[in-house]
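The values are calculated or read from the model by the stated rules, or taken from the named source; none is laboratory data. Treat the numbers as computed from the prediction; the structure is a model and nothing was measured. So basically every Cβ, Gly included, is an ideal-geometry build from the backbone, and we count neighbours across all protein chains shown.
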Amino acid sequence: MAHEHSGGGDISRSLALMWEFDLGRKTRGPKPKLSLDAIVDAAVAVADAEGLDAVSMRRIGQELGVGAMSLYRYVPGKEELLDLMLERVNAPAEDEQLGDDWRTAMDTLGQELWKLYTTHPWLPLVDQTRPLLGPNALRGMDIAVAALEDIGLTGKEQVAVISAIESFVVSAARNYNSAALAEQITGVTHEEFWAAQEPVLSKAMQSGAFPHVAALDMDAFEMGGEEFLLFGLTCLLDGVAVLVEGRTTPG
């Protein structure tokens, strides 16, 4: 897969489309067959089913029953279309609530991001280190920041906490999705993959050359995706809790 990143096209055009159409907001009446909403929806559906490499202006035109040139009336090109796809899938629910206290809120945020990145397996493969901030992205950020207000963190620290959670979830989801994709592509199950290595690994463990690994319990490498997610979030939020308590507890 080619390296994909946000903001790879005409940034001003992408932002204008995001803010003019406010992607993801509900509108009354049926959607027309060809509209910016329909184009973005079709692109997301193709990416979800076949990966981001399958998304092209020609392919989306085929999905909508029109020629590729018709799409250029609505979106300049694939790079800007990717920006709009990111804006669409990042839309928070209209009534989204993260929790009554900061820790519950951040735990919920992590689990919601996990659902997002595993529902759209292409999403954690896109480099968003320089994100374009449309209304959906800012609404999501606003909800998250609100949960961290008044707990003694600076604005820089609040953003850092949110970023740390997202970075961890992106990495965990990328690994989880990649394992599922590898099984699909090769036809070799996770169990079969490790069973094939068992004879060599068994001899290695018996050699005495790797005593610490050999001493691990048999289930040490069997932590599943969601279990790993919850374990990592707990460790991360425990660290934040220490910082918060240090700021709020009288010295």
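Given the structure, is Ser167 of a type in the set (Gly, Ala, Ser) and under 25 Å from Ile11 (Cβ atoms)? So Ser167 passes the test.
Residue count for segment 141-172, restricted to those that are of a type outside the set (A, V, I, L, M), modelled with pLDDT of 95 or more and within 13 Å of Leu109 (Cβ to Cβ): 5.
Answer yes or no: is there a residue in segment 131-144 that is surrounded by 16 or more Cβ atoms within 10 Å (Cβ to Cβ), under 22 Å from Met85 (Cα atoms) and in contact with a Ser or Thr (Cβ under 6 Å, 6 or more places away or on another chain). Yes, segment 131-144 contains a residue that is surrounded by 16 or more Cβ atoms within 10 Å (Cβ to Cβ), under 22 Å from Met85 (Cα atoms) and in contact with a Ser or Thr (Cβ under 6 Å, 6 or more places away or on another chain). For Asp107, the criteria (1) modelled with pLDDT of 95 or more; (2) within 27 Å of Gly51 (Cβ to Cβ) hold in every case but one, which is (2).
What residue, of Glu183, Glu166, is surrounded by 15 or more Cβ atoms within 10 Å (Cβ to Cβ), of a type in the set (D, E, K, R) and within 26 Å of Leu236 (Cβ to Cβ)? Working first, answer last.
Working: Glu183 fails: within 26 Å of Leu236 (Cβ to Cβ).
Going through Glu183, Glu166 in turn, the sole match is Glu166.
So which residues in segment 125-158 are assigned to a loop (DSSP other than H, G, I, E, B), polar (S, T, N, Q) and under 30 Å from Glu79 (Cα atoms)? Across segment 125-158, the qualifying residues are Gln128, Thr129. The number of residues in segment 113-132 that are more than 16 Å from Asn177 (Cα to Cα) and either among the β-branched types (Val, Ile, Thr) or without any contact (Cβ under 8 Å) to a residue 24 or more places away in the chain (or both) comes to 1. For Glu183, the stated conditions hold: it is farther than 26 Å from Ala164 by Cβ, in contact with a His (Cβ under 9 Å, 6 or more places away or on another chain) and part of a helix (DSSP H, G or I).
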